[in-house]
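See below for the structure under consideration.
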There are 6 protein chains.
Amino acid sequence: MKIRVINPNTTASMTDKIGVAARAVAMPGTEIIATNPASGPVSIECHFDEVVSAVGVADEVLKGEQEGTDAYIIACFGDPGLLAARELTRAPVIGIAEAAFHLATMISTRFSIVTTLARTGIIAEHLLQSYGFSHHCRRVRAAEIPVLDLEENGNAALDRIIEECLRAKAEDEIGAIVLGCGGMADLTEQISHAVGLPVVEGVTAAVKLAESLVSLKLSTSKFGDLASPRPKAFTGQFKHLSR
Amino acid sequence: MKIRVINPNTTASMTDKIGVAARAVAMPGTEIIATNPASGPVSIECHFDEVVSAVGVADEVLKGEQEGTDAYIIACFGDPGLLAARELTRAPVIGIAEAAFHLATMISTRFSIVTTLARTGIIAEHLLQSYGFSHHCRRVRAAEIPVLDLEENGNAALDRIIEECLRAKAEDEIGAIVLGCGGMADLTEQISHAVGLPVVEGVTAAVKLAESLVSLKLSTSKFGDLASPRPKAFTGQFKHLSR
Amino acid sequence: MKIRVINPNTTASMTDKIGVAARAVAMPGTEIIATNPASGPVSIECHFDEVVSAVGVADEVLKGEQEGTDAYIIACFGDPGLLAARELTRAPVIGIAEAAFHLATMISTRFSIVTTLARTGIIAEHLLQSYGFSHHCRRVRAAEIPVLDLEENGNAALDRIIEECLRAKAEDEIGAIVLGCGGMADLTEQISHAVGLPVVEGVTAAVKLAESLVSLKLSTSKFGDLASPRPKAFTGQFKHLSR
Amino acid sequence: MKIRVINPNTTASMTDKIGVAARAVAMPGTEIIATNPASGPVSIECHFDEVVSAVGVADEVLKGEQEGTDAYIIACFGDPGLLAARELTRAPVIGIAEAAFHLATMISTRFSIVTTLARTGIIAEHLLQSYGFSHHCRRVRAAEIPVLDLEENGNAALDRIIEECLRAKAEDEIGAIVLGCGGMADLTEQISHAVGLPVVEGVTAAVKLAESLVSLKLSTSKFGDLASPRPKAFTGQFKHLSR
Amino acid sequence: MKIRVINPNTTASMTDKIGVAARAVAMPGTEIIATNPASGPVSIECHFDEVVSAVGVADEVLKGEQEGTDAYIIACFGDPGLLAARELTRAPVIGIAEAAFHLATMISTRFSIVTTLARTGIIAEHLLQSYGFSHHCRRVRAAEIPVLDLEENGNAALDRIIEECLRAKAEDEIGAIVLGCGGMADLTEQISHAVGLPVVEGVTAAVKLAESLVSLKLSTSKFGDLASPRPKAFTGQFKHLSR
Amino acid sequence: MKIRVINPNTTASMTDKIGVAARAVAMPGTEIIATNPASGPVSIECHFDEVVSAVGVADEVLKGEQEGTDAYIIACFGDPGLLAARELTRAPVIGIAEAAFHLATMISTRFSIVTTLARTGIIAEHLLQSYGFSHHCRRVRAAEIPVLDLEENGNAALDRIIEECLRAKAEDEIGAIVLGCGGMADLTEQISHAVGLPVVEGVTAAVKLAESLVSLKLSTSKFGDLASPRPKAFTGQFKHLSR
C-alpha cells in the first residue's frame, strides 16, 4: 500500500520528520511517500498560508494520481484543501486534524488541543464545528511558539508544549490531549510521558486511518458532491490544471 | 494483537458471522476472538434488549481482561455499554456504530443509515447526536426486517436492504451508506455492488480502528471520567462484580 | 395512585431516605413504594455501575407491572435504563435528572448542577445534551464526595455541597441549583436555606411530574419506538426476561 | 392553592373553556381563576397579537399579586410575556407551550405539533429552539384554521385537527402529538381517541406543572436575571406600571 | 429615504442622542426621524420593560406607516417587538442588536458584548441563539451601570465600559467588541480609541443596514409568517389597534 | 470609496456582469472596480475550483492594497479565501454568500437557497453552519445548470431557476429566496418578479454591506486571529507572496 503523506508547507526538514513519524507506525506492507509541494509557504500559521498551501496539496494529489497512490494524508493541522483533494481521487484522503479528533473521541470523552500560535486556534474551532466535535473539545490552547521553532528550537518548544499540556490536564476536565501541529509529530511520546495522559497526534493517527480505509476497500465516494471535478479550463499560472 | 469482538446478543450463528467478517479484514498479526455473553437476549431490537446486553458486554470485557486483550469491539449498532466497557480496561474499546460513523465521514460529506427496524432508529439518532455526527447523517432508514431474519431469511432480507439503500441513494443527497446492524457484516460487498455507493459496515470498521489505536499505543484514558471504577460491593446475582 | 420509586442501587438506607423524601411531597392519594433491586451496586458512581443498575431498574419495573403501578421513578441522577423502562410499561416513567432539569428551567433561565464526584459529570453532560438542556446549564460542579458519604458522613458531605453551591451562586450567573444525586434528597431544604437560591432536587421533582402525568392520563406512548419489546428469548441468568 | 390561568386574548368564551379544562385536572385543593386581560386582541395569531397580549399578561400577573396567587399560567401557545411575568412575581409562571413540550418528552422520544395557522409555526419553532426541544419535535403542522373557528365552528375545526394529527402519525415517526393552541383545551380526549396517540395539551399540562412547583415550594428565582424589575417610571398609558 | 429610528423607551434625551448618532452615519439623502413612544418605561432593563416597550414600538411603526417610511430601526439592544414590527409593514425593520451582531461577524471571527446590567445578559444570549450567533460571541459582559446612568452620569459610565472592554480584550480571545445598549451610541469612537479594537454599535450599524435594504429594494417578506396580521378586533385600551 | 469586487473565476464576461450589477446599487461616491484573477478556473463548481480560486482572490486583494482600496467583495457564492483575504487588509472584506444570508434573515424568518449544481450544495451547507444560519435556511436547492450556462444559455437557465424558486415557494415554508451564484447577479429582478418573493442576491448585498462598514469606519480587526500574516518565505511559483 502506497500512502502519500503531503506536508503542505515547503520546509523539507519538517517533511522528513513527518515521514519518519509516519513510517514508525505504518504496517509492514505500507510505503510512505513523504512529500511537500514545490511551491508555497515555509510554514502554515494563518488562513492565508492555508489558502496557498491548499493549491500545493492539490498539486501533490494530482502527482500522486499519476504514480498510483492508495491513500493521501494532508499533514497540516488545518486540513487545508481536504475536500478538494477528495474530489481529485478515488483514494481516501485524511487530514491530520480530523484524524486526531476522531481517535481522541475513542479513548476519552473530552479532550483539549494544544497548538502552536493562538491565532490558529480559530482554524481548529472551525474544523471542530464542521466535523461535529465541538462538544468533545474542552479548549483550544496555544503554546505560543511559531511552527518553525519546532524545527529550530526544539527543546524550548517541547518545554512550552508540555507546560501547556499540564495546564490543560489540571484545568480542563479532560482525558486526552490532541497535538495541534504536524510539526509535533516526533514529540508525541515525550509529551505523553511527561504529561501522563494519552496524547493523540495527527500524522500517526492519519496513517492508521488511511491504512484502515484502504484495507476495507473504502474509497472516496464519487457519487454526489465529492465526484471528480467537471472538465474545465484553467488560465494563467494554473493552466496546467485544466481538465 | 488480540481483539475481542463481542457480539452483545447470544445468537452464536451471528457471533460466528461477525467473527468471519472481522477476520476477513484483520491484519496478519491480529487474532480475532469472536464471543458473546452467556446470558442475554438473542437479538437486540430495543432499549430494553440493549440494557440487558450491556451487562453481557461488561462481563465479556472482564473475561477479556483476564485473558490479556489488546482491544475490544462491541458488535451491536447501538454501542451498548460502550463507556462502561471503557472504564473496565486500558485497552481501546470501539463500538461498531461509532466506527461506521467515523469512517463514513472520511469518504463522503453526508451519509444515510439503513438499519433493521424503524423502532431502533431512535437509538441511532441518539448516538449521532452524542458523538457529533447528526449533521453528517441525512436520514435513518429502516428495512423493517427483524434482526434474526438476517440469520434465517438472508436473501429476502438482503433484497429489502438493497431496496432501501437504493431509495437512500436516489432521495437523500448522500455519498455513502452506513449499515445499521452487526448482523449485516457479511453483506457489505453485495450491497455496495448492488447500490453503487461506498457502504460502511461497523464490524469491519471497528476492527481497523481497534488495530489503529493499538498500533499507536493509544489506550483508553484512565485520567478523569473513564478511570477504573472505584472499589465497591455488588449484591445478589451481580455479586461477582464487586471489586 | 401507586408510584414505584426505584432506587437503582442496593443500599437500603438510601432507598428509605428516598422514600421519605418522596412521601413528603406526594399528594394525599399517592402511595409511594420505595424499592431497590435485589442485585446491583451499592452506589452508582460511573458508567459501569449504571449499566448494571439499569438491569435492576428493569427488574423493578417488571415487578411493578405485576403489582399494578401507575408511575415509576428512577431515583439515580444518571436516569439509568430510562428508555428501556418506558418500553416495559404504559405507565409514565420519570428519571430524577430529567425531572430536576425540567423544573429548573421553569423557575430560572440558567442553572448549575452540583453532583457528587467529578467523574460522574460527564453523565450529566450527556443527559443535558440528549434532553436539550445544555444551554440552560452553566456548569456541572462536583463536591467530590463519594455517594455513600451522604449516608455515612452526612454533615461533612452537606458542608461540602453547600460550599460548592455557594461557589456556583457567586461565579456561574445562575438562578437555581440542581442537586446531582438521589442521595441528596433529604438535604434540599437545608441547602436552599444556606445558599439562598431555589434548589431543585430530582426525587421530589419526579414525584410531582409522575403524579402530573397520571392525573392527565398521559401514558408512555406505545406507538413507535417506545412500544413494548418484541417477543424474544433471553438466555442464561437473564432467561426469566424472555417474553 | 390559587392558580391564575391567564388567557392572553380577550375572548371570554375561550377563557371559560380554558378554565373548565384547567379545573377538570386540578387537584381538590386547587382553585382555578380563569381570567383574561381587559384589553388586547380577541385572538392571537401572529407576533403582533402576541406583543400586545403580553402587556395584558403582565397586567393580569400584577392583579394576581394583589389578590394572593400561588402560580400563574399563560394560556396561549406562544407563551407571550413569560419571562416578564416571571420577573413580576415569586410565584411560578408556566407557559402552555413549554408545559406541553416538557411533558411530551417524558412519554415519547419524538413528537409533532399541530397548531392552528401555518404562520404561527415560526413562533413554535423559536420556542422549541429557545427551550431546547428542537430535536424532540419532528414537525410543526398547521390545521389552517383561525383560532376563533375553534369557538364558532367547533366540529369542522376538530375534524381538520384530527386529520392533520393522523397525517403526523402516519408520516412523522412520532410517539405523541402536542396541540398547538390554548383554544384546543377541550378537544384533547376526542383527538387522542380518534388518533390513537397520546395527545399533550398545554393548559392541562401547565396546571399540573404549576401545582407541582407550588407543592415543592419551588418559586421563581429572584436571584439574577428574573429578579424583580428595578424601580422605574413609566409614562403615558402605561404610567400605572411605574414602580 | 426616510428612516424612523424608534427608541423604545420614553427618555427623550436618549432619543435625541440616538438621533444624532444615526444622522452622523446616514447617507446624504437619508432623513432620520428619531422618535420614541408616548407611553412606556423610561429605560429598558428587564423582560418586563421590554414587553411594555414592544407595544410602543408597534405604535411607532403604525404611525410611521401613516407618514410614509422607508425603513424602521428599533433602537434597544433587546430588539423588542422586532418580528411584530415586521408584520406591520413592507419596509425593512432592523433591531440594533441584530445589526451589531451581523456587522461584528464581518470584521472579526469572535466578539464579546459589553452591556449595562448583568441581568440583561440573558436577553442578549437569547437573541444570539435565535439569530444564530452564539458561537461567534465569546462572552456577554456587564459594566453594571443602569441605563439612565449613561444619560446622567456619562463620564463614570464611560470609564466602567472601557474598563470592561479592556478586560474582554485581555481575556476573551476576541477581535471586536459589540456595545450592548442603544444609550451607548455616542460613545463608540471614544471606546474604540481607548480599547484599541473595532467597536460595533447597533444604532449606527442599523442605519447602514436599513439604507442597504432600501437601496436594494428588499422589503420585508409578506409571504408566509411575516405577512400582515389578519383583520381582528382589539379591546379596551388597545381598541385602536383593531384592523 | 473604492470597492474592489473580485470575481474569483477568470471569465471576463461574468466579471463584467458582476460589475454592472454592483454599480447599479452602489452609492454615488462609490467606485466599483470589478476584476478577476489572471489565473484560475473559468468557473467555480466544486471544492477544487474553490481552492485554486482562493489564491486568485488573495492575489487580487494584494493588488488592491497597492492601489488603495476601501473594501473588497468576493463574488463567488462559496466565499473562497474569505478569512485569508481578511488577514491581508484592514479594509472590510465581504463574501457574497454571507452577504446574502445576513440580509435574507432581516426580511424573512426562513429562506431557501437556489444554486446552480447540486454538488455545490454542500459548500453552502458548510457556510450556513459556520456562519450560524443553518436554522434560517429551509433547503438548498439546485437548478442543475452549470455556472457558464448562465453566460451562454441565459434564457433557459433563467427558466430553470425560476422553476426551482417557485417550487421552493410552494414547498419550503419560506419568506425569501437566496440566489446561490454570483453569475445570477443580473437576474434578481426578473426572478423576484416571476416568483413573487423577495430575492436576495449576494453581489448587490455585499456592495451595500461593504459601503456600510466603510461608512462606519469599521475595519477588519487586526487584533487576534485576523491580524496580518507573520513575515514568512514562500517558495516556487508563490515566491512573490513572501513577506
Just to check your reading of the model, which residue among B:Ile44, B:Ile73, B:Ile3 is modelled with pLDDT of 95 or more and part of a loop (DSSP other than H, G, I, E, B)?
B:Ile44
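In this structure, does F:Ala124 turn out to be free of Cβ contacts under 8 Å to residues at least 60 places away in the same chain and open to solvent by 40 Å² or more (accessible area, probe 1.4 Å)? Even if it seems obvious, please write down each step before you answer.
Numbers: free of Cβ contacts under 8 Å to residues at least 60 places away in the same chain: yes; open to solvent by 40 Å² or more (accessible area, probe 1.4 Å): no.
Taking the combined requirement at face value, the residue does not satisfy it.
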If only one of C:Leu117, C:Leu88 is open to solvent by 10 Å² or more (accessible area, probe 1.4 Å), touching a residue at least 24 places away in the same chain (Cβ under 8 Å) and more than 26 Å from C:Lys217 (Cα to Cα), which one is it?
C:Leu117
For region F:113-148, enumerate the residues that are of a type in the set (Ser, Thr, Tyr) and over 21 Å from A:Ser130 (Cβ atoms).
F:Thr116
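Applying the selection to region A:14-39, what residues are assigned to a helix (DSSP H, G or I), open to solvent by 60 Å² or more (accessible area, probe 1.4 Å) and either away from every other protein chain (no Cβ under 14 Å) or in contact (Cβ under 8 Å) with a residue 40 or more places away in the chain (or both)? Talk me through it step by step, then tell me what you get.
The initial filter retains those residues of region A:14-39 that are assigned to a helix (DSSP H, G or I), namely A:14-25.
When the remaining residues are screened for being open to solvent by 60 Å² or more (accessible area, probe 1.4 Å), the result is A:16, A:20, A:23-24.
Answer for region A:14-39, where residues must be assigned to a helix (DSSP H, G or I), open to solvent by 60 Å² or more (accessible area, probe 1.4 Å) and either away from every other protein chain (no Cβ under 14 Å) or in contact (Cβ under 8 Å) with a residue 40 or more places away in the chain (or both): A:Asp16, A:Val20, A:Ala24.
Give the residue that is farthest from D:Lys169 (Cα to Cα), with candidates limited to residues of region C:226-235 that are at the interface with another protein chain (Cβ under 7 Å from one of its Cβ atoms) and without any contact (Cβ under 8 Å) to a residue 60 or more places away in the chain. Show your work before the answer.
Residues of region C:226-235 at the interface with another protein chain (Cβ under 7 Å from one of its Cβ atoms): C:226-227, C:229-230, C:232-235.
Next, only the ones that are without any contact (Cβ under 8 Å) to a residue 60 or more places away in the chain stay: C:230, C:232-235.
Numbers: C:Arg230: 21, C:Lys232: 27, C:Ala233: 31, C:Phe234: 32, C:Thr235: 36 Å.
Ranking the candidates gives C:Thr235 first.
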Scope region E:169-197; condition over 24 Å from E:Pro28 (Cα atoms) and either open to solvent by 20 Å² or more (accessible area, probe 1.4 Å) or among the acidic types (Asp, Glu) (or both); matching residues:
E:Lys169, E:Ala170, E:Glu171, E:Asp172, E:Glu173, E:Gln190, E:Ser192, E:His193, E:Ala194, E:Gly196
Verdict on A:Ala71 being buried (at least 24 other Cβ atoms within 10 Å of the Cβ) and of a type outside the set (S, T, N, Q)
yes
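From the list B:Val51, B:Val61, B:Val57, exactly one residue is under 25 Å from C:Pro80 (Cβ atoms), open to solvent by 10 Å² or more (accessible area, probe 1.4 Å), assigned to a helix (DSSP H, G or I) and not assigned by TED's automatic domain parsing to the domain that holds B:Leu187. Which is it? Lay out the reasoning, then the answer.
Working: B:Val61 fails: open to solvent by 10 Å² or more (accessible area, probe 1.4 Å); B:Val57 fails: open to solvent by 10 Å² or more (accessible area, probe 1.4 Å).
Only one candidate qualifies: B:Val51.
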Would you be able to tell me the number of residues in region E:180-209 that are within 9 Å of chain F (Cβ to nearest Cβ) and either within 22 Å of E:Lys2 (Cβ to Cβ) or not in a helix (DSSP H, G or I) (or both)?
11
C:Ser108 passes all but one of (1) open to solvent by 10 Å² or more (accessible area, probe 1.4 Å); (2) out of contact with any helix residue (DSSP H, G or I) (no Cβ under 7 Å at 6 or more places or on another chain); (3) within 14 Å of chain D (Cβ to nearest Cβ); (4) closer than 25 Å to E:Arg141 by Cβ; which number fails?
(1)
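For region C:123-141, give me each residue that is part of a strand (DSSP E or B) and in contact with a Gly (Cβ under 6 Å, 6 or more places away or on another chain).
Going through region C:123-141, the residues part of a strand (DSSP E or B) turn out to be C:137-141.
Across region C:123-141, the qualifying residue is only C:Val140.
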Please specify each residue of region A:140-168 satisfying the condition of being within 18 Å of A:Ser192 (Cα to Cα) and open to solvent by 60 Å² or more (accessible area, probe 1.4 Å).
A:Asn155, A:Asp159, A:Arg160, A:Glu163, A:Leu166, A:Arg167
Selection from region A:210-227 of residues that are in contact with a helix residue (DSSP H, G or I) (Cβ under 6 Å, 6 or more places away or on another chain) and assigned to a loop (DSSP other than H, G, I, E, B):
A:Leu216, A:Leu218, A:Thr220, A:Ser221, A:Asp225, A:Leu226
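The values are calculated or read from the model by the stated rules, or taken from the named source; none is laboratory data. Keep in mind that what you see is a predicted model, and the values were worked out from it rather than measured. Neighbour counts run over all protein chains shown; Cβ positions are idealised from the backbone, glycine included. To get the accessible areas, we keep the full protein, side chains included, count just its heavy atoms, and leave off ligands, DNA and RNA. Shrake-Rupley method; radii C 1.70, N 1.55, O 1.52, S 1.80 Å.
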